[in-house]
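The structure appears below as structure tokens.
The values are calculated or read from the model by the stated rules, or taken from the named source; none is laboratory data. Remember, predicted model here, so these are calculated numbers, not experimental data. Cβ: placed from backbone, ideal geometry, glycine included. Neighbour counts: every protein chain shown. For accessibility, only protein heavy atoms count, side chains too; no ligands or nucleic acids. Shrake-Rupley method; radii C 1.70, N 1.55, O 1.52, S 1.80 Å.
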Amino acid sequence: MRRSEFLRAVEDEFGARSVALMTDLVLGAVGNRTASEALEAGVPPRDIWLALCDENDVPPARRYGVGRLEPRRS
């Protein structure tokens with residue numbers, strides 16, 4: 001998962017709450033950091049995404065493949 005895919009996934013899943021979750025919610029799974037701090041520290045976006053999903057009870061069906069743009073068709 002790329003950083004851009006991660007940010008898109010957070011926005012798509014959490015909407016208006018995404019900014020607060022990124023900056024206020026401390027995630028034990030990524031070293032007791034917020035998602036923003038974890039990104040800055042070099043934690044892989046996929047690990048942060050999964051930690052956010054676990055903490056917010058996001059169903060497994062909405063965790064994988066999110067944030068990816070559909071392939072362009074010619």
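Quick look at the values:
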quantity	calculated
The chain, accessible surface, carbon-and-sulfur percent (1.4 angstrom probe)	47
For the chain, size of Cβ-based charge dipole, Lys and Arg +1, Asp and Glu -1, in debye	440
P(r) tail fraction, the chain - alpha-carbon pairs more than 17 Å apart, %	38
Label-to-label distance, nm, for residues given as residue 29 and residue 47 (7 Å Cα→Cβ offset)	1.2
Solvent exposure of the chain as accessible area per residue, Å², 1.4 Å probe	66
Potential lengthening between residue 57 and residue 36 on full extension [0.36 nm per residue; Cα-Cα distance subtracted]	5.6 nm
Candidates 31, 15, 42, ranked by Gaussian network fluctuation over the chain, Cα under 10 Å, top entry	42
